1. Short version: ³J(HN,Hα) in whole Hz for each residue of region 16-32, in order, from phi by Karplus 6.51 cos²θ - 1.76 cosθ + 1.60 (θ = phi - 60°), x for Gly and Pro, what are they?
2. Residues of region 18-51 with amide nitrogen under 15 Å from the 7 Å Cα-to-Cβ point of residue 61?
Amino acid sequence: MLPGNLVLWQIVGIGPRGCAELCKGLSKNKVLQELNLQENRLGDDGFTALGNALAINTTLQQLALGGNQHHTDIGLIYLAPVSYTHLTLPTIL
């Protein structure tokens with residue numbers, strides 16, 4: 001793993017609350033370039049927190065979210081604009 005990368009893949013229990021806490025730091029991030037949150041059951045609240053944090057964050061280059069079930073269109077609504085407007089985040093997996 002390269003410096004500036006964080007992998008939290010399949011960590012049982014991160015869920016929406018853990019994601020919200022992580023996003024508090026992500027919104028202030030100046031170093032982290034890659035974040036892998038695959039299969040963490042983030043749900044709508046987690047996706048909403050990510051969308052809000054990424055609206056501020058300009059450093060992250062890659063975000064992996066595969067396998068995160070337990071969300072509805074509501075969570076995706078908050079996250080979707082990031083893929084269109086976040087010019088410094090070229091890859092959402």
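Derivation of every value follows stated rules applied to the coordinates shown; laboratory data play no part. Since this is a predicted model, take the numbers as computed values, not measurements. When we count neighbours, we look across all protein chains shown, and the Cβ atoms used for this are built from the backbone with ideal geometry, even at glycine.
1. x, 5, x, 5, 4, 5, 4, 5, 4, x, 4, 5, 9, 4, 10, 10, 4
2. 30-36
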